Structure formats: structure tokens, C-alpha cells
Amino acid sequence: MAKDKTLYVCAECGGQTTKWQGQCPHCLAWNVLSETVAEIKPRRFQALAASGKVQRLSEVQAREIPRIPTSLAEFDRVLGGGLVAGGVVLIGGDPGIGKSTLLLQALAALAVQRKTLYVSGEESADQIAMRANRLGLKGIDIPILTETRLESVLATLNHEQPQVAVIDSIQTLYTEALQAAPGSVSQVRECAQELTRHAKQTGTTVVFIGHVTKEGALAGPRVLEHIVDTVLYFEGDTGSSFRLIRAFKNRFGAVNELGVFAMTDKGLKGVNNPSALFLNRAEQEAPGSCVVVTQEGTRPMLVEIQALVDSSHTPTPRRLTVGLDPNRLAMLLAVLHRHGGIGCFDQDVFVNVVGGVRIVEPAADMAILTAVVSSIKNKVLPHKLAVFGEIGLAGEIRPVQRGQERLKEAAKLGFNLILLPKANMPKQMPAGIQVRGLSTLQEALECLRNL
Ligand code: TYD
Ligand code: MG
């Protein structure tokens, strides 16, 4: 009998070593190797896609990929227009954020016209039925399989031949080919690989639901992200009813696309005008609040940024941000001091993006500083003011992408005074709104003083 071979697999990168070490030799992370038993089998290492002969790229016919719309417009938006036959989607998120709910809703809409299958390893059939009732999906037939053994899931897929299959969740599946426990690195990877192979061979769309660890990474190896075509993350705090789905990787569409949902007592509802939702502001304006026009994927969005500057009682004043990079704030404060003559070295600075949104693009720079200055000077900004623009280390205001679209979105929502980088000035002024193009921080501060 062949002796089982012991392997140590890294939980971070999925790399393998034959003996235990404190540090993974592949990604250099510490304390991540766990023991698994690898069976020596000749069958392993099959390609994910079918192999073929050498072709010339110019001779390959690029086909328009047909999309399978899910009827949830916001979900389709992050997917790049809908699901793709043979495409594999991984959707990760914190427990209780609504992953199962979203996919049950999507499958219910798809089940009307197509064959679908919902594989649940986490909940029993009656739990799923209870959720479906709650979602008002009583009359709709969705085939459900409660199973955690990969071999039997694959057999059902082969037999039922659904067009769309959901696996809830990939961490509960296990294959008999491996001895490791379900949820371990090797099991998750092996199951994902087998199902991906099935998807590519049969043209089935497979959606994996994935758990997220306390640190926010997808539980299981990072290789899971390499195997699949699309990686989506569900965000938003469970305290608020807003849920954001962000695309991190998409072989069939744009990344950084954002879908906005609200969790209601009847499941997730798409929010097609998120600006209106994030801008739900008080009538009584306070200093330190400024609206930024940010761009999420292909959609411009207006979000409120709030700043509070308060004298500090600690030797190292605090710079605290919610929804923004704190290093970016520290940099902007340095620029404000050097090029604008306004210092905050004895002040605590808190900046918050309202509504649980996270802004990563530098186009929010000008709005952040506007909010900070407004708080320092205790000056209320005009209610219908919107700002965007990047600030450089030399105190210059740099243009941002898609300036026209941002301007249009702000105008559409009734903003009538827009501060933007000079290079983003429109050739034709939109009617009824004032647009000020700025090229330096001094100019911007001067402009704020006169508001
Ligand atoms: P669920 O889809 O089970 O989360 P996940 O699969 O990501 O762990 O989400 C369940 C949460 O959503 C739960 O806390 C209850 C809430 N919820 C509603 O508010 N309204 C609803 O209609 C449903 C079905 C769930
Ligand atoms: Mg679930």
C-alpha cells in the first residue's frame, strides 16, 4: 500500500512544503502552514480549460459573450451585465450580510426561465424554504440540494444539468479524495477546482459563496481568487441596512464596479440612485461637511464627507478616518500647512465618509480639505456645493478622470456650485450652475473664503 504523503499547505498563498516550517517559504507569512494528507494519485493536475491546438490570435473569433441577466439590476451591474455561461463567480462577505439572501433572490428570478440548482451545505431545506417565504418567493420552484460531499454534488450537476448553480458555501464542501477536514485549504481548493472544471466543460454558471475570516480575507487559500473568473465582495456594516457589492476581479467586466442594495424585511432591494441615499442630509447645516463627487466604476456618486477638527490634549494629535486612508489624510494636512498656511499640528482631526462608503480614489482630496478647513474656520459651506479634485504634494490641483460625468451627476441632483480642477472645466458651461476651475490650493482656499 502506498504510504500517504504528508504535506504542509500555506493558508495565505496555498503554497506547499514537505516539512513543517514556521514561515511559508513562498509568501513568507508566519504560522500559516497546516498539515494535510496528500494522496498520491496520477489523476491530479488537469487543466481548468479544455486543451487544444496552437492557434493564431488574429484568427480566433472573439464572440460577444451572451449574458444571463439576474433581474437584480445592481447585481448585474457588478457582474458586468449579468452572469456568463461557463463563468465562475466567487462572492465573499461577513456572516449575516446577505449572501444567501441575494443568491436565493437571483435564482428565484432565473428559475422562471432556466434550470437552476441551489446547493446548500449550511442550511437545511426547511430553513431555505422559510427564507424563501419571507422573501415572498413562495410559488417559485428552485431545485435545492442539501449536500456537502463534492462527488455527489458533481453527480447531481451532471444529472440535472442546471444552467446556473449556486454553492452555499464552498467552505462546507469536501471531497473524498482528500483526508483533510472540510474548510481546510486543500479541501476548499480541490472542490473549487473540480467545480470550475465542471463549469468550463459544461458551460454551467457556478456561483460560490465564500466565508470571510476575521481579518477580512477570504477563508481558504488565495488561490481560490485565481481559479474563478469573478470575485465579488459584499460590504457594509450589519448595523446599517445598506449593502455594497464590489467587484475585485472580473474577467468579463470592469472592476471596482459597485452595486448598492438596501436590506429590507423582504430581502435585498437594489438602490438605483445611491447618491440620493447617501446625501440624506440634515436641513440644519453644520460646519465641516462637504459633498464630494466620487466615481465608483462607471457610476459617479455623491457622498458627504464630514470633518471635525478639535484641539488635542495628547502629545501626538490623532488623525482618524472612517472610509478613507488615514495616510492620505496625514499627507493632505501637510500640504494644507505648507501650501495653504493652515496648521493642524495641535489639533485632532477626524474625517468620516457618511453612509459606510469607502473612497479610495484621490479625487476626494479637495473635498476632504474643504471639510477640514470648514471645520477649522467654523464656517458652514453652501448647501448646494459639490467638490472634486486631486491635490498634489506641490499644492497643485490635478485633474481627475470622467470630470464631465461627475459634473452631470452633481447637476442632476440639484447642486448649483461645483469646485473642480481647472483642467476638468467643461467646454460648454451647463445652464443654471456655477462651475469654478481651480489650479492651486491657494486658489481653492481663496475661493472658500469668499463663499
Ligand atoms: P443571509 O443571507 O443569511 O447572510 P449570509 O448568507 O451572508 O450569512 O442574511 C441574513 C441576514 O439578513 C439576517 O441577519 C437577517 C437579514 N434579513 C433581512 O433583514 N430581511 C430578509 O428578508 C432576509 C431574508 C434576511
Ligand atoms: Mg448564508
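Of the residues PHE345, PHE350, which single one is modelled with pLDDT of 95 or more, surrounded by fewer than 22 Cβ atoms within 10 Å (Cβ to Cβ) and over 30 Å from GLN404 (Cβ atoms)?
PHE350
Taking ALA85, is it within 16 Å of ligand 2 (Cβ to nearest atom), out of contact with any Phe, Trp or Tyr (no Cβ under 7 Å at 6 or more places or on another chain), under 30 Å from PRO274 (Cα atoms) and not basic (Lys, Arg)?
The answer is no for ALA85.
Please determine whether any residue of the range 12-20 is open to solvent by 100 Å² or more (accessible area, probe 1.4 Å), modelled with pLDDT under 65, farther than 22 Å from VAL228 by Cβ and not hydrophobic (A, V, I, L, M, F, W, C).
no
Residues in the range 421-442: is at least one outside any loop (DSSP other than H, G, I, E, B), touching a residue at least 40 places away in the same chain (Cβ under 8 Å) and closer than 19 Å to SER289 by Cβ?
no
Looking at the range 374-389, is at least one residue under 16 Å from GLU296 (Cα atoms), open to solvent by 10 Å² or more (accessible area, probe 1.4 Å), within 27 Å of the chain's Cα centre (by Cα) and at pLDDT 95 or above?
Within the range 374-389, not a single residue is under 16 Å from GLU296 (Cα atoms), open to solvent by 10 Å² or more (accessible area, probe 1.4 Å), within 27 Å of the chain's Cα centre (by Cα) and at pLDDT 95 or above.
List every residue pair whose Cβ atoms sit under 6 Å apart, with the two residues 6 or more apart in sequence or on different chains, where the first one lies in the range 8-28 and is touching a residue at least 40 places away in the same chain (Cβ under 8 Å) and the second, anywhere, is open to solvent by 60 Å² or more (accessible area, probe 1.4 Å) and not acidic (Asp, Glu).
Between residues of the range 8-28 that are touching a residue at least 40 places away in the same chain (Cβ under 8 Å) and residues that are open to solvent by 60 Å² or more (accessible area, probe 1.4 Å) and not acidic (Asp, Glu), the close pairs are VAL9/GLN16; CYS13/HIS26; CYS13/ARG222.
Where in the range 241-294 are there strands (runs of 3 or more DSSP E), lying wholly inside it, with at least 3 residues that are open to solvent by 10 Å² or more (accessible area, probe 1.4 Å) and at pLDDT 80 or above? Even if it seems obvious, please write down each step before you answer.
Working: elements: 242-250, 258-264, 267-270.
Hits in the range 241-294: 242-250, 258-264.
Is it true that SER58 is open to solvent by 70 Å² or more (accessible area, probe 1.4 Å), outside any strand (DSSP E or B), touching a residue at least 12 places away in the same chain (Cβ under 8 Å) and away from ligand 1 (no atom under 16 Å from the Cβ)? Can you show your working first?
Details: open to solvent by 70 Å² or more (accessible area, probe 1.4 Å): yes; outside any strand (DSSP E or B): yes; touching a residue at least 12 places away in the same chain (Cβ under 8 Å): no; away from ligand 1 (no atom under 16 Å from the Cβ): yes.
Criteria not met by SER58.
Going through SER120, SER186, SER169, SER124 one at a time, which residue ends up being of a type outside the set (A, V, I, L, M, F, W, C) and within 23 Å of the chain's Cα centre (by Cα)? It would help to see each step written out before you state the result.
Working: SER120 fails: within 23 Å of the chain's Cα centre (by Cα); SER186 fails: within 23 Å of the chain's Cα centre (by Cα); SER124 fails: within 23 Å of the chain's Cα centre (by Cα).
Result: SER169 is the single residue among SER120, SER186, SER169, SER124 that is of a type outside the set (A, V, I, L, M, F, W, C) and within 23 Å of the chain's Cα centre (by Cα).
Tell me whether the range 214-226 contains one or more residues that are more than 16 Å from ligand 1 (Cβ to nearest atom), of a type in the set (Lys, Arg), open to solvent by 30 Å² or more (accessible area, probe 1.4 Å) and at pLDDT 90 or above.
No: the range 214-226 contains no residue that is more than 16 Å from ligand 1 (Cβ to nearest atom), of a type in the set (Lys, Arg), open to solvent by 30 Å² or more (accessible area, probe 1.4 Å) and at pLDDT 90 or above.
Here is a check on your reading of the model: is GLY323 modelled with pLDDT of 80 or more and over 29 Å from ALA192 (Cα atoms)?
Numbers: modelled with pLDDT of 80 or more: yes; over 29 Å from ALA192 (Cα atoms): yes.
Yes: the conditions hold for GLY323.
Just the residues that are within 12 Å of ligand 2 (Cβ to nearest atom) and among the charged types (D, E, K, R), please, taken from the range 108-137.
GLU122, GLU123, ARG131
Only one residue in GLN171, GLN161, GLN61 is within 13 Å of ligand 2 (Cβ to nearest atom) and more than 25 Å from THR264 (Cβ to Cβ). Which one?
On the way: GLN161 fails: within 13 Å of ligand 2 (Cβ to nearest atom); GLN61 fails: within 13 Å of ligand 2 (Cβ to nearest atom).
Only one candidate qualifies: GLN171.
Answer yes if at least one residue in the range 251-265 is touching a helix residue (DSSP H, G or I) at 6+ places or on another chain (Cβ under 7 Å) and farther than 24 Å from LEU90 by Cβ, and no otherwise.
Scanning the range 251-265 turns up no residue that is touching a helix residue (DSSP H, G or I) at 6+ places or on another chain (Cβ under 7 Å) and farther than 24 Å from LEU90 by Cβ.
May I ask you to list the residues in the range 138-154 that are of a type in the set (A, V, I, L, M, F, W, C) and open to solvent by 60 Å² or more (accessible area, probe 1.4 Å)?
Pass one, the range 138-154, residues of a type in the set (A, V, I, L, M, F, W, C): 140, 142, 144-145, 150, 153-154.
Listed by number, the residues that qualify are ILE140, ILE144.
Can you name every one of the strands (runs of 3 or more DSSP E) wholly within the range 74-175 that holds 2 or more residues which are in contact (Cβ under 8 Å) with a residue 60 or more places away in the chain, away from ligand 1 (no atom under 12 Å from the Cβ) and assigned by TED's automatic domain parsing to the domain that holds VAL260?
On the way: elements: 88-93, 116-120, 144-146, 164-168.
Output list reads 88-93.
The values are calculated or read from the model by the stated rules, or taken from the named source; none is laboratory data. Note that the structure is a prediction, hence the values are computed from the model and not measured. All Cβ positions, glycine included, derive from the backbone under ideal geometry; neighbour counts span all protein chains shown. Only protein heavy atoms, including side chains, enter the accessible area calculation; ligands, DNA and RNA are left aside. Shrake-Rupley method; radii C 1.70, N 1.55, O 1.52, S 1.80 Å.
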